């Protein structure tokens, strides 16, 4: 229960089967109270129900707050609704599947707003031993 007594906010966690959902499961299994976010309240409710129904796991409070992290006003409202947070997982992202030269300005702006302007990750107390380290957040690309 390494996250017991902590509140975790996971952006981009409003869909079953996504990375945010999987991250929320790990945090829930570790005893964290969870605030999940995404843009679709109906899908978010499904994730909350899934986490509450997890077999045999004793989880804390789980709630969903609809938020669009590309919109600064929505982020301010999320911060107000969430209250104090111990762990912040910035998981929300927008993927474009075309070369940069073929992207329109609207698509580029949407990806930039969510992927660059909105984000933060080393959450557990075990990471407290790390000092002065640079953790590459690149999906393992630098290891290849």
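The values are calculated or read from the model by the stated rules, or taken from the named source; none is laboratory data. Computed from a prediction, not measured in an experiment: that's the story for all the values here. In this analysis, Cβ positions are derived from the backbone assuming ideal geometry, glycine residues included, and neighbour counts consider all displayed protein chains.
One table, with the values for the structure above:
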{"read-out": "Residue check for residue 15: touching a helix residue (DSSP H, G or I) at 6+ places or on another chain (Cβ under 6 Å) and over 19 Å from residue 120 (Cα atoms)", "value": "yes"}
{"read-out": "Filtered residue count, the stretch 25-34, keeping only those that are touching a helix residue (DSSP H, G or I) at 6+ places or on another chain (Cβ under 6 Å) and either farther than 18 Å from residue 68 by Cα or surrounded by fewer than 24 Cβ atoms within 10 Å (Cβ to Cβ) (or both)", "value": "1"}
{"read-out": "Filter result for the condition that a residue is more than 18 Å from residue 113 (Cβ to Cβ) and part of a strand (DSSP E or B), over 63, 43", "value": "63"}
{"read-out": "Checklist (1) in contact with a helix residue (DSSP H, G or I) (Cβ under 8 Å, 6 or more places away or on another chain); (2) assigned to a loop (DSSP other than H, G, I, E, B); (3) under 25 Å from residue 107 (Cβ atoms) applied to residue 37, failing item", "value": "(2)"}
{"read-out": "Residue in the stretch 81-91 that is more than 14 Å from the chain's Cα centre (by Cα), surrounded by 15 or more Cβ atoms within 10 Å (Cβ to Cβ) and either at pLDDT 85 or above or closer than 19 Å to residue 28 by Cβ (or both) present", "value": "no"}
